[in-house]
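Any read-out appearing in this document is the output of simple, stated calculations on the displayed coordinates, not a laboratory observation. Everything quoted here is computed from the prediction, not taken from an experiment. Note that each Cβ is placed from the backbone with ideal geometry, even for glycine, and that neighbours are counted across all protein chains shown.
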Amino acid sequence: MLAVARGMLAVARGMLAVARGMLAVAKEMLAVAKEMLAVAKGMLAVAKGMLAVARALVVVKGRLVVGRDHCRKFFCPLFQQWASFSRMWYLIDAKMQPPGKIAAMCSVRLQGKHKPIYHALSDCGDHVVVVNTRHIAFSGNKWEQKVYSSHSGYPGGFKQVTAAQLHQKDPIAIVKLAIYGMLPRNLSRRTMMQRLHLFPDEIIPDEILKNLVEELPQPRQVPRRLNEYTREEINAFPRLWTPPDDYRMK
């Protein structure tokens, strides 16, 4: 009986040691939970800062835009780093713009070459939204001279269409092909194209409109019609010839 009692005492001591070990583990887990709570508080502070930046967005022409001077006021170094690593949404108006110029701007931002953290092996590009692709402009007679070719892979499957025919069939095809041709020819090109959003007119879905942060300037100045100039601008233009009073314009 004495041996049995000694055995039970040893078992009790072992269970006590296990309980002490579990208590130590519980204390460590409590310390980890406190650290996680501190991290969560830091993330909450960052989220509040991001919310303040989001509330600081201004509206220009019915679109959300953040100007450079406006960003300097609200962006501290922490948010500048966050803005470098996050994927921004840019808006480009393609009205009366050549597709090549639009494609060059989109290619740089889809690849992330405008960021200081750019690397050819890293996917750090941004989202680009292009509107008014229906109203693009070509110089000269490229609407009839420029030809787009395709082949189905079957005999007799070779087809050629002019830029005017392709644009009439699909208003976003010319801009899409121009941007696709300026991206690097590797497997990352498809991933970059998924961040490209093309719209033939100015109508943008709300889920995309709320993500826009900046409207990029158009690469080419849009020419104005004569009736779009004010009377002051017309009078300020130097006159090379003054017509007589009885002159009639045909």
Q) According to the Kirkwood expression over distinct Cα-Cα pairs, how big is the hydrodynamic radius of the stretch 189-229, in Å? A) 13.6 Å
(Q) For Cα pairs less than 8 Å apart in space and 6+ apart in sequence, what is the mean separation divided by the residue count of the chain, i.e. the relative contact order in percent? (A) 22 percent
Q: Report the Stokes-Einstein translational diffusion coefficient (µm² s⁻¹, integer) for the stretch 140-233, Rh taken as the Kirkwood radius over Cα pairs, at 20 °C with viscosity 1.002 mPa s.
A: 124 µm²/s
Q) Separation between the Phe85 and Met193 pseudo-spin-labels, each 7 Å from Cα along Cα→Cβ, expressed in nm? A) 3.1 nm
Q. Highest mean first, what order results for 93-102, 191-200 on Cβ atoms within 10 Å?
A. 93-102, 191-200
Q) To the nearest 500 deg cm²/dmol, what mean residue ellipticity at 222 nm is calculated for the chain from DSSP H runs of n ≥ 4 alone, each contributing -39,500 (n - 2.57), summed and divided by the residues? A) -15000 deg cm²/dmol
**Q.** Rounded FRET efficiency, nearest 0.05, which uses the C-beta distance separating Ala33 from Ala10 and R0 of 35 Å
**A.** 0.50
Q: Compute the relative contact order of the stretch 139-250 as a whole-number percentage, counting only Cα pairs closer than 8 Å that sit 6 or more residues apart in sequence.
A: 13 percent
Q: Enter the angle in degrees (range 0 to 90, nearest 10) between the Cα long axis of helix 173-182 and the first principal axis of the Cα atoms of the chain, meaning the one along which they spread out most.
A: 60 degrees
Q.
Among (1) 1.11; (2) 1.78; (3) 0.99, only one was calculated for this model; which label is it, if the read-out is Cα Rg over 2.2 N^0.38 Å?
A. (2)
Q. Using a Förster distance of 41 Å, how high is the FRET efficiency between Thr242 and Glu202, based on the Cβ-Cβ distance and rounded to 0.05?
A. 0.45
(Q) From the Cα trace of the stretch 83-211, what convex hull volume per residue do you get, rounded to a whole Å³? (A) 121 Å³
Q: Work out which chymotrypsin sites (Phe, Trp or Tyr not before Pro) in the chain are exposed loop sites (DSSP not H, G, I, E or B, at most 16 other Cβ within 10 Å) and give the longest gap free of them.
A: 1-117
Q | Most fluctuating residue given options Arg109, Arg225, Arg185, as computed from a GNM of the chain linking Cα atoms under 10 Å | A | Arg225
